[in-house]
Amino acid sequence: MDLKTQQQRAEAFRRLHHGPGTLALPNAWDVASARILEAAGFPAIATTSAGVANSLGYPDGQQISRDEMAAVVARIAASVSVPVSADMEAGYGETEESAAETVRAAISAGAIGINLEDGRRGPARSLIDLDVQVSRVRAARAAASSAGVPIVINARTDVYLAAVGEESERLEHAILRGNAYLEAGADCVFVPGPIDRETIAALARGISGPINILAIKGVPSIAELQSLGVARVSVGSGFHRATMAYLRRAADELMSAGTYTAFTETTIPYAELNKLLIRGKG
């Protein structure tokens, strides 16, 4: 992908965060899933770090290397004609340079957006210190500027997802972090975890920029989220896990009953999928 095209896609993706409606952003894990999502009409696609990692035999949580993750992003970005945002987990390290290097890898892969998490994985979930994460967001923005691609930085805070601190303090904490990340150069704040309207509305009011909500069980519809002030809704690893659940159901039927209903009655015809994958690249 040439630099001008990548710049144009980055700007187009940024505009999608500012209306007129809420951006429904699906997450792909390989070329086939990306092509299906593009064909469905979505104006942009994100990747899912968990889905990519799982498809290559890794658990989620930065067990896959940066290079392997970027290689999959590159295949996806080269296969579709819509903007692709890369989920690069927490940036593969807690230093400014790790964040900058991850941005450079995403840009080299053809991505025009990036997720950057503040959560630490492990038995005791915690967050990267606020001042450290702010510096990392700033370094990510500087790296993008140096590369000449105005990528959309989706700064994720895991205050809710990791259940950090007292429940009564999480809203204020998430708003504090979100605004700090925006001031450091982020374009959007991703707050996965909340499902109730009151909390989501309060986040939208308190955070001084676009917010991204994760579509999980119990989260209001896109139309409702739009009325609450949400700019972007992503599905994370949801589509990938749903696909794996369908595969498990089909496997269980074949193993236990010796029948084929699960994978013969609801399927994409061979010729249709093959045609989707051999069409010209955008």
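Residues of the stretch 76-105 being free of Cβ contacts under 8 Å to residues at least 40 places away in the same chain and closer than 12 Å to A46 by Cα, which ones? Result: M88, single match. Within the set A147, A77, A142, the sole residue that is modelled with pLDDT of 95 or more, under 17 Å from the mean Cα position of the chain (by Cα), of a type in the set (A, V, I, L, M) and within 26 Å of Q8 (Cα to Cα) turns out to be A77.
Right, L225: modelled with pLDDT of 95 or more, under 30 Å from A155 (Cα atoms) and among the aliphatic types (A, V, I, L, M) or not? In short, yes.
Scanning the stretch 71-81 turns up no residue that is under 20 Å from F190 (Cα atoms), in contact with a Lys or Arg (Cβ under 9 Å, 6 or more places away or on another chain) and not acidic (D, E).
When L277, L228 are screened for being exposed (fewer than 13 other Cβ atoms within 10 Å of the Cβ), touching a helix residue (DSSP H, G or I) at 6+ places or on another chain (Cβ under 7 Å) and either within 30 Å of A202 (Cα to Cα) or in contact (Cβ under 8 Å) with a residue 24 or more places away in the chain (or both), only L277 passes. Of all residues in the stretch 211-225, those that are of a type in the set (V, I, T), touching a helix residue (DSSP H, G or I) at 6+ places or on another chain (Cβ under 9 Å) and not in a strand (DSSP E or B) total 2.
Looking only at residues of the stretch 54-70 that are of a type outside the set (S, T, N, Q) and assigned to a loop (DSSP other than H, G, I, E, B), we find that the one that is nearest to V31 (Cα to Cα) is L56.
So that you can scan it fast, the table gives a plain yes or no per residue for (1) out of contact with any Pro (no Cβ under 8 Å at 6 or more places or on another chain); (2) over 22 Å from D196 (Cβ atoms); (3) of a type in the set (F, W, Y); (4) not in a helix (DSSP H, G or I):
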{"position": "V230", "(1), (2), (3), (4)": "yes, no, no, yes"}
{"position": "F239", "(1), (2), (3), (4)": "no, yes, yes, no"}
{"position": "L273", "(1), (2), (3), (4)": "yes, yes, no, no"}
{"position": "L276", "(1), (2), (3), (4)": "yes, yes, no, no"}
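The values are calculated or read from the model by the stated rules, or taken from the named source; none is laboratory data. In this text, all values refer to a predicted model and were calculated from it rather than measured experimentally. With ideal geometry, Cβ positions are generated from the backbone for all residues, glycine too; neighbour counts draw on all protein chains shown.
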